[in-house]
Amino acid sequence: MTRKSAQLAGAMALMLMAFARPSYALFEDDDARKAILDLRQRISQLEQRVSQLESTSQGQLTLAQSLANKDKEIEKLRGELEVANNAIRKLQDDNRTLYTSLDQRLKALEPQPIELDGVTYRVPADQAKAYQTGLDNFKGGNFSEAAKQFSAFLDSYPKSDLVPQVRYFLGSCQFAQGDYKTALITQRDLAKDFPSSPRAPDALLSMASSQIELRSIPGAKKTLNELISKYPDSPAAASAKTRLTALK
């Protein structure tokens, strides 16, 4: 029994005592008996109301506890959602970084157009960059560094379409540094390995220049005549004729 129920029961007992009389008088007094019955009914009704209130209060307490639990669950879910969102953002950032890196790598492999001696070549970007770096040093007069870069190019890309050009400039670097024997060999091999290259006539002309520096005049004349014979319409052939005239 709850505290309120006990209080009501006590009140009822007191009221019963107040109306109590000898049994023979109680049954003779109809009004008093009716009053007692009415009081009991009212007390019963009050007890029912108290019980309902207690039930309602308990329900409200249970609801409040349930709501509190739901709030905790919601906060937990919010935390998990935040963690998931952070993971998604990191994944997106990683994907962007990966895409950028992959895009850069693919671009490095895409053929780049290079026009040399009136011919357009398409070579991978890394080859084009290596070639251009060596050529820039050659044009700047840094023949030693250019020679190293051209040699490295030939080691790294022996099948490149730029090999004839690179060999020619490598021989030119060697000539510019006074290494005429090596320059002669480089240009000779170029003319022999790539006779159809636009650089072949120039290689023979450069080869004759090395022979002249080495005082091999007969060899130089032979090379110049070979140049005129094989490539009569080339600009190098016109220069060869002028040199032959000077050597006579």
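Rule-based calculations on the coordinates, nothing more; no lab input. Worth saying up front: this structure is predicted, and the values here are computed from it rather than measured. Here Cβ is always computed from backbone atoms with ideal geometry, including for glycine, and neighbour counts include all displayed protein chains.
What to note about this one:
- Average Cα contact separation per residue, the range 138-248, under 8 Å, 6 or more apart, as relative contact order %: 18
- Extension gain, residue 38-residue 125: 0.36 nm per intervening residue step, less the Cα-Cα distance, totals 20.6 nm.
- Peptides 182-190, 216-224, 235-243, ordered by how many other C-beta atoms sit within 10 Å of their residues on average, highest first, read 182-190, 216-224, 235-243.
- Cross-link table 129/221; 139/181; 192/222; 159/241, entries beyond 26 Å C-alpha to C-alpha: 129/221; 159/241
- Put a dot 7 Å past the Cα of residue 75, heading toward its Cβ, do the same for residue 52, and the two dots end up 3.7 nm apart.
- Environment charge at residue 220 (Cβ cut-off 10 Å; Lys +1, Arg +1, Asp -1, Glu -1): +3
- Near residue 248, once Lys and Arg are set to +1 and Asp and Glu to -1 for all other residues with Cβ below 12 Å from its Cβ, the sum equals +3.
- In plain terms, the chain from residue 156 to residue 67 could stretch by 24.8 nm, reckoned as 0.36 nm per residue minus the Cα-Cα distance.
- Environment charge at residue 81 (Cβ cut-off 14 Å; Lys +1, Arg +1, Asp -1, Glu -1): -1
- FRET efficiency for the pair residue 176 and residue 246, taken as 1/(1 + (r/R0)^6) with r the Cβ-Cβ distance and R0 = 22 Å, rounds to 0.55.
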